[in-house]
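What follows is a single structure, written as structure tokens, with notes after it.
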Amino acid sequence: MFIGIIVYSKTGNTLSVANRVKQAFEARGHTVSIDQIKADVDEKKSKVNLTHRPDPTIYDRVVFAAPVWAFTLCPVMREYLTVLPELRDVNVYGIVTQHLSRPWLGGNRAVKKIRRLCANVGAQMIGEGVIMWSHSDRERHIEELAERLASL
């Protein structure tokens, strides 16, 4: 199966999780590509200009990975997901990273936003996860998430 991991990562934390997920899929014999969303962001005006929009239609399955900003999905991924082409019957996964150590402090909301925006274009989210960067068991959580998604 050809799996695309489409990621936005400002600090590199979300990208590092994406790389671990990639390794888990590859260990199961899948071909995996990571493609990063690029954007110019004016945080003061909450304006996003996407400068690179990966094409999700070339993959058999897609993982969307992004950070949580201000207790919700970062505006770059939100903008990207609003301009997706139809992904009728495509299975997707949603991953978010956040600094705070409780998923109800933005992570759960961000995952729900990914699910809703993907459903708008016909995709079905079959796996998800929230990685809390300040959690003491972060490394174990990343490993468990990667293995769980790769086994679906």
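A few comments on the model shown:
- Cα gyration tensor category, rounded, prolate or oblate, for region 32-96 with a/c compared to 1.5: prolate
- Approximating the spin labels as points 7 Å out from Cα along Cα→Cβ, the residue 36-to-residue 152 distance works out to 2.5 nm.
- Table column - 3J(HN,Hα) (Hz), region 58-66, Karplus curve with 6.51, -1.76, 1.60, x for Gly and Pro: 8, 9, 6, 9, 10, 10, 9, 10, 7
- Highest to lowest packing among 60-71, 4-15, 131-142, scored as the average C-beta count within 10 Å: 60-71, 4-15, 131-142
- Chain lengthening between residue 134 and residue 53 when straightened (0.36 nm per residue, less Cα-Cα): 26.2 nm
- Karplus-based coupling profile of region 116-128, in residue order and whole Hz: 5, 5, 5, 4, 4, 10, x, 7, 10, 7, 10, x, 7, with θ = phi - 60° in 6.51 cos²θ - 1.76 cosθ + 1.60 and x standing for Gly or Pro.
- Residue order, fewest to most surrounding Cβ atoms within 10 angstrom, among 32, 41: 41, 32
- Total lysine pairs under 23 Å (Cα atoms) in the chain, excluding pairs fewer than 8 apart on one chain: 17
- Cβ crowding within 10 Å ranks 125, 77 as 125, 77, fewest other Cβ atoms first.
Read-outs: derived from the displayed coordinates by stated rules, not from any lab. Everything quoted here is computed from the prediction, not taken from an experiment. All Cβ positions, even for glycine, are placed from backbone atoms using ideal geometry, and neighbour counts span all protein chains on display.
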